[in-house]
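Visitor: Below is one structure. I have some questions about it.
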Amino acid sequence: MSSDLITMDDLTNDEILELLEQASSLLPVARGESYLPLLQGKVLGNMFFEPSTRTRMSFETAMKRLGGGVVNLGALASSSVAKGETLYDTMRMVDGYCDVAALRHPRQGAAQYAADACEIPILNAGDGSGHHPTQTLLDLFTIMQAHGRLDLNVLMVGDLRYGRTVHSLSHALARFGATLTFVAPHALGMPGEIVKHLKEDGANVTESEDMLGNLPAADVIYMTRIQKERFPDEDEYRKVAGIYKLSRADLGKVKESMILMHPLPRVDEINPDVDGTSHAHYFEQAFNGVVTRMALLCRVLGVEVKT
Amino acid sequence: MTEMRRVTAICNGTVIDHVPAGHALKVLRMLRITGVQSSPVSLVMNVPSSKYGAKDIIKVEDRELTQDELDRLGLIAPHASVAIIRNYSVAEKREVELQNEMVNVARCTYSNCISLADREPLPHRMKVIDSEPLQLCCHYCGRSQDMDSVIENLI
């Protein structure tokens, strides 16, 4: 792979599987059961121009579990960004301070732009409604951990139009032979361009507005939040908010091995009464963000992880 | 009707032939020929062409367009043929070459692309995905570009 991770296209299938294997071997370190300072002396720049909880914290945790340091952009209001600094200037500065940077930005293409501006590896932590490849890695890891393979029936539900996690994940799963079913209200369907590319790549793709009817065949159900912040106005948001909700009562006919995932935060898509079932994997999924980002940080910084 | 020259021969400059019919004004815009320069510019539109049925022709006097300038035309006139004229004779023939990437030719058509943010200094970059028909995508955001919109977004 190149030293940057902008989209999943920067990784071959073999490289993805190798990363997942390395992540697996780092599980005891991620849990704090052993200490492995592979990245001692290295500094990660956590550049979050948009709110983030899990991605930012798991990058920071990953770096610290491996003995490295982290510097944060901090609140935008108190940074030079509020004074009108360009992304280019901010990233050139970080290029001098850090060995690697994770970047989240509201504008699509920001990660590639930053990669062009910097010498250090840039890890895309979400760019507008574009890509979120490190989320994809932890999603793939979670599926692999539960099923041992990726060529499965995967049902994606919710905001598929603006949800960058499902854009990246669907591309990656298609490469591993998964069958994809997209369930979304018409206004929030998977962008036509993405569906077209997936089909051109030979993926088996079905689109529907019916969630309940598609539950029984699924090996993986990937719920997403309708993202209020991506809507141009409140009225449009209200039309579709809360349209898909899963509760324990809906899971009667699902496969026993089915895992339920969600990139979090959730609002009301998954009722808390599902949390106690064997299907609920979203908190484990969130934890897996640490271990996959540990493996990725080692890789882009040229540090070998023994599997 | 006898054949007559619609535009006279030029002494020095550049002749761009086989421009797709009706596109001459866009070509001038791409070459940043606005008409305020002092050199004469002639153009004919929708004249018969044995190759393409109809075509436009542009003659720019006292200015030799560079290969870099001409390559910008790959976006709308990839089959244009270009002659550099010196002392009423064709001194050089040039072809428009479609590059793998077009730098600072057009802005991305996706309004939320980082390349459209205020004062960002890196160049606008379009990758050529396919040449027939021409398909472009933004180097930064990766979005496929609607060609009609790209023409509106020329730099």
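Throughout, read-outs are computed from the coordinates displayed, never taken from laboratory work. This is a predicted model, so every value here is computed, not measured. Counting neighbours? That spans all protein chains shown, and the Cβs are built from the backbone with ideal geometry, glycine included.
Visitor: Using only Cα atoms, find the angle between the long axis of helix A:133-147 and the longest principal axis of chain A, and express it within 0 to 90 degrees, rounded to the nearest 10.
Guide: That helix lies at roughly 50 degrees to the long axis.
Visitor: Applying 1/(1 + (r/R0)^6) with R0 = 51 Å to the Cβ-Cβ distance of A:PHE283 and B:SER144, what FRET efficiency is obtained, to the nearest 0.05?
Guide: The value I calculate is 0.85.
Visitor: Given 0.36 nm per residue, what is the gain on full extension from A:LYS64 to A:GLU229 after removing their alpha carbon distance, in nm?
Guide: Additional length available on full extension: 56.3 nm.
Visitor: About the Cα centre, and with charges only on the beta carbon of Lys, Arg (+1) and Asp, Glu (-1), how big is the dipole of chain A? Nearest 20 debye, please.
Guide: 580 debye
Visitor: Could I have the simple spin-label model distance between A:ASP151 and A:GLU33, label points 7 Å from Cα toward Cβ, reported in nm to one decimal?
Guide: 3.2 nm
Visitor: Ok, one more. Full extension from B:CYS11 to B:ASP68: what is 0.36 nm times the residue separation minus their Cα-Cα distance, to one decimal in nm?
Guide: Answer, rounded to one decimal: 18.2 nm.
Visitor: Give the lysines whose C-alpha is closer than 25 Å to that of A:LYS42, dropping any in the same chain fewer than 8 places away, or say none.
Guide: Within the straight-line limit of under 25 Å, A:LYS42 reaches these lysines: A:LYS64, A:LYS306.
Visitor: What FRET efficiency would be calculated for the residue pair A:LEU212, A:LEU264, taking the C-beta separation as r and a Förster radius of 30 Å, to the nearest 0.05?
Guide: So, using R0 = 30 Å, E works out to roughly 0.85.
Visitor: Ok, one more. Relative contact order, percent, of chain B when contacts are C-alpha pairs under 8 Å separated by at least 6 residues?
Guide: Dividing the mean separation by the residue count of chain B yields 21 percent.
Visitor: Also: Per-residue HN-Hα couplings for the stretch A:278-291, Karplus 6.51 cos²θ - 1.76 cosθ + 1.60 at θ = phi - 60°, whole Hz, x for Gly and Pro?
Guide: The phi angles translate into 6, 7, 5, 10, 6, 6, 5, 4, 4, 4, 4, x, 5, 5 Hz.
Visitor: Lys/Arg Cβ at +1, Asp/Glu Cβ at -1, dipole of the stretch B:1-136 taken about the Cα centre: which of B:CYS11, B:MET30, B:SER42 is farthest positive-ward?
Guide: B:SER42
Visitor: Nearest 500 deg cm²/dmol is fine: what mean residue ellipticity at 222 nm does chain A get from its DSSP H runs of n ≥ 4 alone, each adding -39,500 (n - 2.57), divided by its residue count?
Guide: Values: 10 runs with 110 residues, N = 307.
When only DSSP H runs of four or more count, the value is -11000 deg cm²/dmol.
Visitor: For the stretch A:142-265, calculate the relative contact order in percent as a whole number, restricting contacts to Cα pairs under 8 Å that are 6 or more residues apart.
Guide: 30 percent
Visitor: Enter the mean projected area of the convex hull around the alpha-carbon atoms of the stretch A:1-64, in nm², rounded to one decimal.
Guide: If you wrap the Cα atoms of the stretch A:1-64 in a convex hull and average its projections, you get 5.3 nm².
Visitor: Please label the shape of the stretch A:25-176 as rounded, prolate or oblate, based on the square roots a ≥ b ≥ c of the eigenvalues of the alpha-carbon gyration tensor (a/c under 1.5 means rounded; beyond that, a/b larger than b/c means prolate, else oblate).
Guide: oblate
Visitor: Tell me, what ³J(HN,Hα) does each residue in the stretch A:189-199 have, in order and in whole Hz, if you take phi through Karplus 6.51 cos²θ - 1.76 cosθ + 1.60 with θ = phi - 60° and put x for Gly and Pro?
Guide: x, 4, x, x, 5, 5, 4, 4, 5, 4, 5
Visitor: Right, here's the next one. Would you please give the residues with an amide H less than 5 Å from that of B:HIS139, counting only those at least 5 places away or on a separate chain, with H modeled from the backbone geometry?
Guide: Residues meeting the criterion, in which the H sits 1.01 Å from N, are B:ARG125, B:MET126, B:LYS127.
Visitor: Which FRET efficiency, nearest 0.05, do B:ALA21 and A:HIS197 yield, Cβ-Cβ r, R0 35 Å?
Guide: For B:ALA21 and A:HIS197, the calculated efficiency is 0.55.
Visitor: Please report the projected area of the protein assembly as shown's Cα convex hull averaged over all directions, in nm².
Guide: Projected area, direction-averaged: 27.9 nm².
Visitor: If you average the sequence gap of Cα pairs under 8 Å that are 6 or more apart and divide by the length of chain A, what percent do you get for the contact order?
Guide: 20 percent
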